[in-house]
Amino acid sequence: MRRWSLALLLTLAAPVLAQEAQEAPPAAPAAEPAPAPAPAAEQAAPTEQAAPTGSTPAEQPRRRRKQEAAAEAPAPAAQAPAPATQAPAPAPTVQAPAPAVLAAPAAAPEPGSVQDQVRNEARYLVGYLLTGDVRSTVSMLSFPFQLEERRFDAPEPLVVTWVKELRNKRTDLVTLYDVEVLPYAEMEKKYGKPPARLGAIVPRGTEVYAAVANLSGRAAVLLYRQDGDGWKAFAYTD
């Protein structure tokens, strides 16, 4: 009885098992090992033979011709470096010529000579005039005194007049370079005759010296004669 029951169960179960065996999916094949990487020389394909991705067979010869033309084209010549910009040469300095009013300064007179005494007196007198201190020159003058075309018999009118004239001449911008002393006759030969207003008052028979002061290139003339124990100026013109 038990054997028959077992056989009956197997008979009934056989079709079911056979159907399940047909419906079950086949087992997946074992994974194949990955192929070994190709050598680097084989992987790198020449640029000329590799067809560009997405290009059609008709475009490949055209691209190849462009690559060959680019390879055969000569390399651009290197541009020569631009020459360095040279700084312009400085223009030569042109010095303004000195005023040709006075000749070259004469040699200094011998110490203690008349020319030396007159030169020292004239330097002090001109120095006072350039500072505007006319009153300090009164003791160095002989009266009557001739200032340009005007004659002064007393010191006070001369001081007032001279101060006004010096203010208009900007003596603060004038420099005394030198004083040349000559006898009056030699002064006429070298520089010409003085203005007539001064020549008229030159005393005859009296030793007169001319002190020619170089004031910033312009001449100023003082006439000197002996008065008492020293030499004093009695005329001035510039």
**Request:** Return yes or no: is E188 more than 20 Å from E121 (Cα to Cα) and touching a Pro at 6+ places or on another chain (Cβ under 8 Å)?
**Result:** yes
**Request:** Mind listing whichever residues of region 144-164 are open to solvent by 60 Å² or more (accessible area, probe 1.4 Å) and either at pLDDT 90 or above or out of contact with any helix residue (DSSP H, G or I) (no Cβ under 7 Å at 6 or more places or on another chain) (or both)?
**Result:** R150, R151, D153, E156, P157, V160, K164
**Request:** Write out, first by first residue and then by second, each pair whose Cβ atoms fall under 6 Å of each other, whose residues are 6+ apart or on separate chains, and whose first residue, in region 106-128, is over 19 Å from M187 (Cβ atoms) while the second is of a type outside the set (A, V, I, L, M, F, W, C) and outside any loop (DSSP other than H, G, I, E, B).
**Result:** Y128/S136; Y128/T137
**Message:** With the requirement that a residue be more than 19 Å from R170 (Cα to Cα), open to solvent by 60 Å² or more (accessible area, probe 1.4 Å) and at pLDDT 90 or above, what does region 97-123 give you?
**Reply:** Q117, N120, E121
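The values are calculated or read from the model by the stated rules, or taken from the named source; none is laboratory data. In this text, all values refer to a predicted model and were calculated from it rather than measured experimentally. A quick note on method: Cβ atoms are made from the backbone with ideal geometry, for glycine too, and the neighbour counts reach across all protein chains shown. The area values use the complete protein model at the heavy-atom level, side chains included, leaving out ligands, DNA and RNA. Shrake-Rupley method; radii C 1.70, N 1.55, O 1.52, S 1.80 Å.
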